[in-house]
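Enquirer: Below is one structure. I have some questions about it.
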Amino acid sequence: MRHEVLLGAERRRRWSDDEKLAILAEVARNGWTVSDVARRHDLTRQHIYQWRRELRRKLLWPRLETATFLPVEMDTAESEATAPGTGSSDITVVLRNGRQIRCGSGIGETDLARLIRLVEAA
C-alpha cells in the first residue's frame with residue numbers, strides 16, 4: 001500500500017459565492033468546457049456541478065441582471081407563407097447548447113427571456 005503525507009498548509013480551500021460565480025461564468029466562454037475550467041482552477045468537475053446546484057438554490061445562478069444580446073435570423077420564406085393575423089406563425093430559438101425552443105409569435109418578450117434562461121440553466 002502506498003501512503004502519502006501532506007506537509008504544509010491545509011489543502012481544503014474555501015470559496016466565496018462571488019468566487020464561485022466568477023468560476024462558473026468561465027464555462028462556455030471561449031469554448032471552455034466544465035473540465036477545462038475545473039482543471040484551470042485545480043478543481044474537480046463535480047465541484048462545478050455542485051456549485052451550480054447550490055447557487056441555484058440560493059437564487060444566485062444564473063445571474064438575471066445581466067442582459068444578453070443574441071443574433072437573430074429571419075426566415076423570409078416562412079414568414080411570407082403565413083398570412084398576417086392568423087397567429088399560426090412560430091418562433092424558433094436555437095440555443096448555444098443546441099437545444100431549440102419553439103413557441104407562438106404571440107409570446108411576450110419577458111416570458112421568452114425567462115424561458116430561454118430556464119432552458120439554458122437546465
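Values quoted throughout were computed directly from the atomic coordinates according to the rules given, and no laboratory measurement underlies them. None of these values were measured; they are calculated from a predicted model. Cβ sites come from the backbone with ideal geometry, for glycine too, and all protein chains shown count toward neighbours.
Enquirer: Quick one: which residues, 5 or more positions from Ile91 or on another chain, have an amide H under 5 Å from its amide H? H modelled 1.01 Å from N in the peptide plane, none for Pro or chain starts.
Expert: Excluding prolines and chain starts, which carry no amide H, the hits are Cys103, Gly104, Ser105.
Enquirer: What FRET efficiency would be calculated for the residue pair Asp90, Ala121, taking the C-beta separation as r and a Förster radius of 22 Å, to the nearest 0.05? Don't skip to the answer; put the middle values down first.
Expert: Numbers: r = 23 Å, r/R0 = 1.05.
Efficiency computed from Cβ-Cβ geometry: 0.40.
Enquirer: Quick one: Ile101, Ile91, fewest Cβ neighbours within 10 Å first, how do they rank?
Expert: Working: Ile101 16, Ile91 13.
In order of increasing Cβ crowding within 10 Å: Ile91, Ile101.
Enquirer: Over the alpha-carbon set of region 17-57, divide Rg by the Kirkwood Rh and report the Rg/Rh ratio to two decimals.
Expert: Across region 17-57, the Cα-based Rg/Rh ratio is 0.93.
Enquirer: Would you order Val34, Val94, Val27 from fewest to most other beta-carbon atoms within 10 Å of each residue's own beta-carbon?
Expert: Numbers: Val34 19, Val94 11, Val27 15.
Least crowded to most crowded, the residues run Val94, Val27, Val34.
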